[in-house]
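The values are calculated or read from the model by the stated rules, or taken from the named source; none is laboratory data. For clarity, every value in this text was computed on a predicted model and none was experimentally measured. Note that each Cβ is placed from the backbone with ideal geometry, even for glycine, and that neighbours are counted across all protein chains shown.
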Amino acid sequence: MKKRLKFIFILLILLLGSCSNAPSEPEDPKEGIETAGREAPKAEVLADRLETPWSINKSGNTFYINERTGGIVKITNGETTRMKVELREPLAQVPESGFLGFILHPDFPEEPSAFAYYTYQNSSRPHNRVVTLNLNGGVWEEETVLLDDVPSGQYHHGGRLDIGPDKKLYITTGDATEKEIAQDLDSLGGKILRMNLDGSVPADNPFENSYVYSYGHRNPQGLAWDESGAFYSTEHGPSGFDEINLIQAGKNYGWPKITGSEEQEGMQPPLVHSGEPSWAPSGAAFHDGSLYFATLRGEGIKRLSINKGMVEDVLSGYGRIRDVHIERDTLYFISNNTDGRGNPAEDDDKLYRLSLSELDGGGSEE
């Protein structure tokens with residue numbers, strides 16, 4: 001009996017010793033994370049303590065980052081200045097709303113202006129509007145309302161602005177949680193809109209006297225063009241089934257009638273979709289045959305190879321990512337951990353810089 005007890009005692013010691021050598025989880029979830037089987041590259045921090053940043057703009061060596069809370073941060077050579085923004089209407093307080101899209105005029109700084117998309121509250125419900133902002137003595141002032149009464153609700157405000165190769169302003173709008181309006185060509189909700197920079201309707205838009213460029217969208221939040229001018233968008237789906245779409249004038253992208261791999265005559269399926277795991281894709285940029293896009297719930301940056309139709313994880317470890325910007329061989333991105341759904345560090349949110357070469361050679365098919 002004593003020999004048997006001694007044997008059991010020795011066996012327990014050996015088992016405990018082997019367990020003590022097992023690898024432990026990193027204490028900081030932002031450290032020790034690997035991307036596609038390799039250590040995540042370390043990005044350089046260009047600015048920190050941003051307040052729910054939404055869009056990256058760059059003019060020369062200067063960045064202009066707008067914040068959902070209503071500010072614009074100017075970053076030059078490591079120096080950060082928070083600029084005042086004077087909007088005519090107070091920002092709405094419903095979830096996901098605020099100062100969303102922001103894009104500098106294509107002739108900035110010679111033309112010291114920009115375009116903005118924001119959610120405001122009137123007596124009955126929130127609405128979105130597109131306006132011009134003029135830079136006057138270091139203050140951004142709302143000057144002209146180009147488009148008003150874009151549907152808004154508790155969620156799904158859309159909000160991405162970008163200027164295409166054709167020098168037109170493109171605007172994404174959400175379905176405002178009223179999904180049927182995405183199929184209604186008389187509604188501005190659930191659409192990608194296109195306008196001249198003065199706010200007028202382009203003569204070559206697909207529907208006469210209408211800003212609507214494409215429809216059947218749920219909540220698109222990223223726009224990008226490739227080197228040939230092909231046009232792509234990212235879109236939030238219902239509990240997964242997030243989409244990357246090739247956008248064509250006048251086409252119907254199906255929401256809410258089809259999602260994921262479903263098909264219906266007259267409706268465009270996505271190039272790729274996430275399936276059940278949600279990406280919550282946001283800002284996007286194109287480089288060398290691939291679409292790089294930020295993910296919020298996916299907490300990283302993904303890359304879609306257009307020729308291969310394959311989505312890869314190329315960066316993680318920085319939390320929720322709202323927007324990406326690519327200039328030559330450099331990737332810039334902003335985290336969005338202070339948006340109420342992340343786990344912000346003391347000095348979040350941040351603007352980062354990383355060489356695209358550090359992302360090469362890895363990635364796994366989604």
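Given the options 132, 144, name the one that is among the β-branched types (Val, Ile, Thr) and surrounded by 14 or more Cβ atoms within 10 Å (Cβ to Cβ). Give the derivation first.
On the way: 144 fails: surrounded by 14 or more Cβ atoms within 10 Å (Cβ to Cβ).
Being among the β-branched types (Val, Ile, Thr) and surrounded by 14 or more Cβ atoms within 10 Å (Cβ to Cβ) holds for just one of 132, 144, which is 132.
Quick one: in the stretch 150-188, of everything that is in a loop (DSSP other than H, G, I, E, B) and of a type in the set (D, E, K, R), which residue is farthest from the chain's Cα centre (by Cα)? So that I can check it myself, show each step before the final result.
First pass over the stretch 150-188, keeping only residues in a loop (DSSP other than H, G, I, E, B): 152-160, 164-168, 173-178, 184-188.
From what is left, the residues that are of a type in the set (D, E, K, R) are 160, 166-168, 175, 178, 184, 186.
Details: 160: 8, 166: 22, 167: 21, 168: 20, 175: 17, 178: 22, 184: 25, 186: 27 Å.
So, considering only residues that are in a loop (DSSP other than H, G, I, E, B) and of a type in the set (D, E, K, R), the one farthest from the chain's Cα centre (by Cα) is 186.
Kindly indicate the residue of the stretch 323-355 that is touching a Lys or Arg at 6+ places or on another chain (Cβ under 7 Å) and β-branched (Val, Ile, Thr) and also farthest from residue 53 (Cα to Cα) among those meeting that condition.
330
Could you grab me the full set of residues in the stretch 160-170 that are surrounded by 15 or more Cβ atoms within 10 Å (Cβ to Cβ) and either in contact with a Pro (Cβ under 9 Å, 6 or more places away or on another chain) or charged (D, E, K, R) (or both)?
The answer is 160, 162, 163, 168.
Would you pick out the residues in the stretch 51-74 that are under 20 Å from residue 284 (Cβ atoms) and assigned to a loop (DSSP other than H, G, I, E, B)?
Listed by number, the residues that qualify are 52, 68.
Can you name the number of the only condition in (1) surrounded by 21 or more Cβ atoms within 10 Å (Cβ to Cβ); (2) within 26 Å of residue 70 (Cα to Cα) that residue 195 fails?
(1)
Residues in the stretch 281-289: is at least one closer than 23 Å to residue 254 by Cβ and not small (Gly, Ala, Ser)? Steps first, answer last, please.
Residues of the stretch 281-289 closer than 23 Å to residue 254 by Cβ: 281-284.
Filter once more, keeping what is not small (Gly, Ala, Ser): 281.
For the stretch 281-289, residues closer than 23 Å to residue 254 by Cβ and not small (Gly, Ala, Ser): present.
Show the residue pairs that are 6+ apart or on different chains and have beta-carbon atoms under 6 Å apart, the first residue being within the stretch 311-339 and over 21 Å from residue 64 (Cα atoms) and among the polar types (S, T, N, Q), the second being modelled with pLDDT under 95 and in a strand (DSSP E or B).
316/35
Does the stretch 189-205 hold any residues that are part of a loop (DSSP other than H, G, I, E, B) and either basic (Lys, Arg) or over 27 Å from residue 107 (Cβ atoms) (or both), and which are they? Outline the logic, then answer.
Our first condition is that a residue be part of a loop (DSSP other than H, G, I, E, B); within the stretch 189-205, this holds for 189-190, 196-205.
The answer is 189, 190.
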